[in-house]
Amino acid sequence: MPYARRTPSRDYTPYWNYWSEDSAVKRWTRELTQAAAHPGDRERWALTGQAVVVEHEDLEVMDGVLHCVANMAGLAYRRVPVAEVVSDFPAWVEALPEDTPTLVYLEAGLWVGPALEDDEDELGFPRALGHDELATAAFRQALRGFLAAGLPQAPLVLVIALKSGGHLDPQLRRQGCFDRRLALPQLGNAELARAFVDELGPRLFDPSVTADLNHLGALVRYEFADHRRRSLLHQALRRLQWREGRPASFQDLLLFATYGTADQELPPATQAPRRLPAIHEAGHALVAAMDGPRGTIPVYVSARPRNDNGGIVVPPYDGVAEGEEHTYADMVHRIRVGLAGRAAEQLVLGADQVSASGARSDLMRVYALACDLFLANGHSPDLSSEAAVASNLAILHGQVAEADLARAEALCREFLQTQYLAVLALLRQHRAVLDRLIAALMARGVLFQEDMRQLLQPET
């Protein structure tokens with residue numbers, strides 16, 4: 001019996017209603033709908049893509065998204081867990097309906113290629129447990145042969161989901177295999193906010209939550225972006241309503257963003273564990289906004305005293321249009337912003353009270369940027385003369401001599417030291433503004449761009 005077409009429900013994805021009709025996923029769905037009306041037209045089915053890669057940053061929502069696509073197009077839907085993709089092939093193929101076009105979601109795992117080997121349990125499967133590379137390679141070959149044979153039963157569409165930019169084994173990227181790639185749309189803040197409320201249920205929120213959709217959208221994008229966090233938040237909001245008999249306010253969401261969704265006694269705003277991340281993130285935010293002509297007010301800042309990270313600063317580095325090349329000055333600005341958290345700690349607390357490991361990820365990131373500038377791209381840290389600019393045009397790659405590596409490393413170290421001192425001087429110059437940012441982050445936990453703009457104004 002053919003599957004009936006119906007409107008997607010909350011069980012699928014509330015984001016469907018906010019995606020443009022011209023988005024790639026909706027165009028594909030219309031193609032599948034047309035193909036489903038002509039199940040015997042194999043050429044039409046081939047053009048829709050017999051094996052398709054869908055890209056999205058939150059892979060946990062893919063089951064719902066693809067179920068929605070199948071439902072809208074009038075296809076049967078089957079999901080093959082990652083543990084069964086290789087081990088149960090071709091059994092899962094034989095179990096598919098013979099008289100109904102079917103969309104088959106194959107959960108991605110190590111079988112898609114070595115690129116996933118570094119994604120530690122991200123997809124919910126043990127990375128190394130029982131993995132047989134020879135069996136995996138044989139499966140890839142068999143899958144290619146299966147697709148090339150023209151699919152013996154009713155038309156099938158095989159789909160895998162990867163994060164944006166994810167790579168497949170070359171065997172799986174040939175014509176007739178996974179040769180079509182679709183990217184799920186990225187919603188703007190307002191649309192993201194509306195979809196978020198639809199997903200969790202409007203009855204859980206009071207009017208303050210949707211009073212500013214741009215603020216709500218920014219909060220969702222940077223604090224509750226993935227399905228796991230939204231699920232935990234959903235339960236926390238239901239418990240809040242049950243215990244206190246009221247819907248959640250926007251302030252409640254800010255508290256959950258700052259402290260997490262665990263039941264715990266919230267510390268006072270002045271308590272020390274919250275001050276350090278506030279100082280650190282205020283440093284990042286101030287330098288992002290005030291570092292010369294490249295400075296731009298961050299779109300979002302938070303100070304979160306949790307173990308996963310100390311906070312978030314989202315500067316709109318994209319004064320550079322998407323797809324355009326960042327300049328040398330852009331990269332130097334990003335390095336200074338990266339150094340500013342540690343520099344703020346040193347300035348406010350003293351060198352001996354700087355967090356022992358809080359800036360580690362920052363330092364790794366800025367060192368990598370400096371290496372890209374001086375080792376991979378041939379720039380010089382000295383722009384004082386034409387000769388100085390031209391002093392580092394050799395790009396290090398391949399088998400590099402130890403002397404060359406030592407010289408390049410010395411360039412990076414000296415450059416980062418110089419930039420750190422420049423960042424310290426900038427923070428000293430604007431110490432009053434830095435203190436205001438710290439106080440605001442300690443009091444609120446989260447600052448939006450409008451808040452930042454007010455706090456950055458000089459006192460009159």
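The values are calculated or read from the model by the stated rules, or taken from the named source; none is laboratory data. The model shown is predicted, which means the values in this text are computed figures rather than measured ones. No Cβ is skipped: glycine too gets one built from the backbone with ideal geometry, and neighbour counts run over all protein chains shown.
Points to keep in mind about this one:
- Residues located in the stretch 233-287, provided they are part of a loop (DSSP other than H, G, I, E, B) and at pLDDT below 90: Gly260, Thr261, Ala262, Asp263, Gln264, Glu265, Leu266, Pro267, Pro268, Ala269, Thr270, Gln271
- Applying a threshold of 7 Å to beta carbon distances and a minimum spacing of six or more residues, or different chains, the list of pairs starting in the stretch 20-35 at a residue that is without any contact (Cβ under 8 Å) to a residue 60 or more places away in the chain and ending at one that is in a loop (DSSP other than H, G, I, E, B) reads Lys26/Trp19; Thr33/Gly74.
- The stretch 52-69: number of residues that are modelled with pLDDT of 90 or more and not in a helix (DSSP H, G or I): 4
- Test: residue in the stretch 364-374 that is surrounded by fewer than 19 Cβ atoms within 10 Å (Cβ to Cβ) and either among the polar types (S, T, N, Q) or not assigned by TED's automatic domain parsing to the domain that holds Leu421 (or both): no
- The lone exception for Leu213 - which of (1) surrounded by fewer than 18 Cβ atoms within 10 Å (Cβ to Cβ); (2) under 29 Å from Ala24 (Cβ atoms); (3) free of Cβ contacts under 8 Å to residues at least 40 places away in the same chain it fails: (1)
- Look at the stretch 315-343: where a residue is in the same structural domain as Gly283 (by TED's automatic domain parsing) and among the aliphatic types (A, V, I, L, M) and a partner is assigned to a loop (DSSP other than H, G, I, E, B) and at pLDDT below 65, sitting 6+ places away or on another chain with Cβ atoms under 7 Å, you get Val337/Pro315.
- 3 or more residues touching a Lys or Arg at 6+ places or on another chain (Cβ under 9 Å): qualifying helices (runs of 4 or more DSSP H) within the stretch 323-421: 328-349, 360-371
- Residue in the stretch 37-46 that is outside the structural domain of Ala225 (by TED's automatic domain parsing) and under 30 Å from Ala195 (Cα atoms) present: no
- Val320 vs. criteria under 20 Å from the mean Cα position of the chain (by Cα), closer than 30 Å to Ala408 by Cα and at pLDDT 90 or above: no
- Scope the stretch 29-43; condition outside any helix (DSSP H, G or I) and of a type in the set (A, V, I, L, M, F, W, C); matching residues: Ala37
- Of the residues screened, Arg30 is one that is under 30 Å from the mean Cα position of the chain (by Cα), charged (D, E, K, R) and not assigned by TED's automatic domain parsing to the domain that holds Ser231.
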